[in-house]
Amino acid sequence: MKDIFLLGSTGSIGVTTLNILKKDKKNFKIRLLTTNSNVKKIYKQALLFGVKNIVIYNQKEYLKNYRLFKKKKIKVFSSINEFSKKKIKKSYLTINAISGVNGLEPSLDIIKNTKNLAIANKESIICGWFFLKKELSKYKTNFIPLDSEHFSIWSLLKGEDKSNIKKIYLTASGGPFLNSKLNKIKNINPKFALKHPNWKMGKKISIDSATMMNKIFEVIEAVKIFNLNQNKIGILIHPRSYIHAIIVFNNGLTKFIAHDTTMEVPIANTIYLDLKKYIYKRNKFAYNNLNGINFIDPDIKKFPLLKLLKYKFENTYLEIIIVSLNDALVKKYLEHKISYISIHNSMLKLLKKQYFQKYYTMRPKNINDIKIMVQRVNLYVDKYF
Ligand code: NDP
Ligand code: MG
């Protein structure tokens, strides 16, 4: 029996993970679930899977609800740190499916208590990889990237020498506005921006896919995880999203991984990494998915945020400022407080402010420094609009 900690169980990745685990209660036992504030959903999940520990991050919801769980003999904690203080058995696998930079601290706090850590939460990798890497090596915890492109690269690189890599391409669907001019959609309602053509995801990442911010994040993520020079990583638009990453090797070979546009594939193959017996139910090879693959170079006029790739990402405050600015701008857009075009314009404009620029050569020394910068950015954005 392999035990699993699932962080962010009430979100899109969390639910996909539970749907996989639901079919195999013989091999896996969930020992921890977490939510920010979706108490109703986590209550149902805990009962369905017989989970005895949960974390509710939102303080108000935590205080309001912990008695409800007590009645069912479920222990409720207010953070992973609090849960980790208990003497707990190391889990086989932890999946971090929390969204936003708030996912970093839970990862850091759980590393000592898990043999394998799979992270979908790209914001934490971008902002805190330096700290994650240190803890992973201190506690000999294996790391698995769950973002589909990075899971593909990670799988393709097994047994390969990194010096043989000529170029890695991350594919992007182009999102719902691939064929629209930016000035025609500058005031588009969030409900249209949320309609991703291929993937069903949480709200924040869906907007990031429309603006191409998601792919910019993924370039930074790849630079960090695989310790590669940024110019070795490119982006190709592939509207069907069937191929996830392509590696061109110096020896003349090119390899890529293709799978259906569902996170079930990388998640399940991570869960079954040791057991090696996952059977994907819809595994009927549809050759049409590979016929007439169409790759297009991304157009900077349609996706001006691509200009961000001229920055170098070297573990300074720059990454934290970009992630937090984007978090704040997307939140305001989803609340109808700013327009779609304003996500793009404000990001590019705010990054040039002297107030932020002075930090681009400075490095955070610990997680507290990161948290302070996140707060600083949020305050700045609130005052700015
Ligand atoms: P969702 O918004 O659907 O879910 C986020 C989860 O994190 C929920 O459980 C939510 O709790 C919890 N959460 C949110 N804020 C906090 C917080 N401040 N503290 C603690 N927990 C919090 O996101 P997704 O599942 O779509 O994405 C999760 C991560 O995976 C993101 O980083 C995303 O970029 C990445 N990813 C997602 C993919 C996808 O297909 N969805 C693909 C590749 C990567 P609550 O329910 O209470 O809000
Ligand atoms: Mg991805």
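The values are calculated or read from the model by the stated rules, or taken from the named source; none is laboratory data. Not measured: the values here are computed from a predicted model. All Cβ positions, even for glycine, are placed from backbone atoms using ideal geometry, and neighbour counts span all protein chains on display.
Here are 15, 55: which of them is outside any strand (DSSP E or B) and hydrophobic (A, V, I, L, M, F, W, C)? So that I can check it myself, show each step before the final result.
Details: 55 fails: outside any strand (DSSP E or B).
Exactly one of 15, 55 is outside any strand (DSSP E or B) and hydrophobic (A, V, I, L, M, F, W, C), namely 15.
Filtering the stretch 104-163 to residues that are of a type in the set (Asp, Glu) and crowded, with 24+ Cβ neighbours inside 10 Å leaves 123, 147, 149. Here residue 194 clears all of (1) under 23 Å from residue 270 (Cα atoms); (2) within 16 Å of ligand 1 (Cβ to nearest atom); (3) free of Cβ contacts under 8 Å to residues at least 24 places away in the same chain except the condition numbered (1).
Yes or no, residue by residue, for (1) more than 23 Å from residue 316 (Cα to Cα); (2) in a loop (DSSP other than H, G, I, E, B); (3) in contact with a Ser or Thr (Cβ under 7 Å, 6 or more places away or on another chain); (4) modelled with pLDDT under 95:
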{"site": "336", "(1), (2), (3), (4)": "yes, yes, no, no"}
{"site": "341", "(1), (2), (3), (4)": "yes, no, no, no"}
{"site": "344", "(1), (2), (3), (4)": "no, no, yes, no"}
{"site": "348", "(1), (2), (3), (4)": "no, no, no, no"}
{"site": "355", "(1), (2), (3), (4)": "no, no, no, no"}
{"site": "365", "(1), (2), (3), (4)": "no, yes, no, no"}
{"site": "368", "(1), (2), (3), (4)": "no, no, no, no"}
{"site": "371", "(1), (2), (3), (4)": "no, no, no, no"}
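Residue selection: residue 295 satisfies the criterion of being in contact (Cβ under 8 Å) with a residue 60 or more places away in the chain, exposed (fewer than 14 other Cβ atoms within 10 Å of the Cβ) and in contact with a Ser or Thr (Cβ under 9 Å, 6 or more places away or on another chain). Yes or no: the stretch 225-245 includes at least one residue that is in a loop (DSSP other than H, G, I, E, B), among the aromatic types (Phe, Trp, Tyr) and touching a residue at least 12 places away in the same chain (Cβ under 8 Å). Yes, the stretch 225-245 has at least one match. Just need a number here: residues in the stretch 267-317 that are touching a His at 6+ places or on another chain (Cβ under 8 Å) and under 25 Å from residue 227 (Cβ atoms). Qualifying residue count, the stretch 267-317: 1.
Screening residue 366 against (1) loosely packed, with under 12 Cβ neighbours inside 10 Å; (2) in contact with a helix residue (DSSP H, G or I) (Cβ under 7 Å, 6 or more places away or on another chain) leaves a single unmet condition, (2). Scanning the stretch 169-203 for residues that are farther than 30 Å from residue 254 by Cβ, among the small types (Gly, Ala, Ser) and part of a loop (DSSP other than H, G, I, E, B) gives 180, 202. In the set (1) part of a helix (DSSP H, G or I); (2) touching a residue at least 40 places away in the same chain (Cβ under 8 Å); (3) farther than 27 Å from residue 179 by Cβ; (4) not small (Gly, Ala, Ser), the condition left unmet by residue 312 is number (1).
Filtered by the rule that a residue be of a type in the set (A, V, I, L, M, F, W, C), farther than 12 Å from residue 193 by Cβ and more than 9 Å from ligand 1 (Cβ to nearest atom), the stretch 213-227 gives 216, 219, 220, 222, 223, 225, 226.
Screening the candidates 65, 36, 27 for the property of being surrounded by fewer than 21 Cβ atoms within 10 Å (Cβ to Cβ) and under 22 Å from the mean Cα position of the chain (by Cα) yields one hit, 36.
At least 1 residues being within 16 Å of ligand 2 (Cβ to nearest atom) is the threshold, and among the strands (runs of 3 or more DSSP E) wholly inside the stretch 58-150 those reaching it are 91-96, 114-119, 142-145.
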